[in-house]
Amino acid sequence: MGLFNLFTADKSSKLTSQTQIPEESVKVTNIKSREISESRLSELSFGVSGAALVIAYVSPNTNFEQIMSSLKAAMPFAQKVIGVMTAGELSSCSSSNYHTTEDGWDNIVLQSFDPSLFAHVDIRTVDMHSKAL
């Protein structure tokens, strides 16, 4: 049972193990860094409500800071954006469970979430004990 089978933004409704969130409440796409643009990423929006959260899974063979800056600029509809560097991207966007690493390993998997899924999204940072990490 996935996370979105358990939680919903509507706190007044009683949640059970049978609670289901419509599939169209989560969108996934796979792009290369050269494809980052508002027109390309607009498919991740949920209309006028935008997206409550977009998670970007970015290949390690890219300039992470530049990619994240470009993604945020290209997704003005996203209320929050989280980026993580990966050692391999899992996705339902291809015929295999993993994306291939050819062409310089320039994969970005984006997952957006409808605002109806969350009452509030808050992103926090926690200082690491060691600054070397």
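Below, the figures for the structure above:
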quantity	calculated
Subset of region 7-53 [over 12 Å from the mean Cα position of the chain (by Cα), at pLDDT 60 or above and of a type in the set (Lys, Arg)]	32, 34, 40
Tally of residues being among the aliphatic types (A, V, I, L, M), in a loop (DSSP other than H, G, I, E, B) and either modelled with pLDDT of 80 or more or touching a Lys or Arg at 6+ places or on another chain (Cβ under 9 Å) (or both) across region 81-133	4
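The values are calculated or read from the model by the stated rules, or taken from the named source; none is laboratory data. Since the structure is predicted, the reported quantities are computational estimates derived from the model, not experimental observations. Every residue, glycine among them, receives a Cβ derived from its backbone with ideal geometry; neighbour counts consider all protein chains shown.
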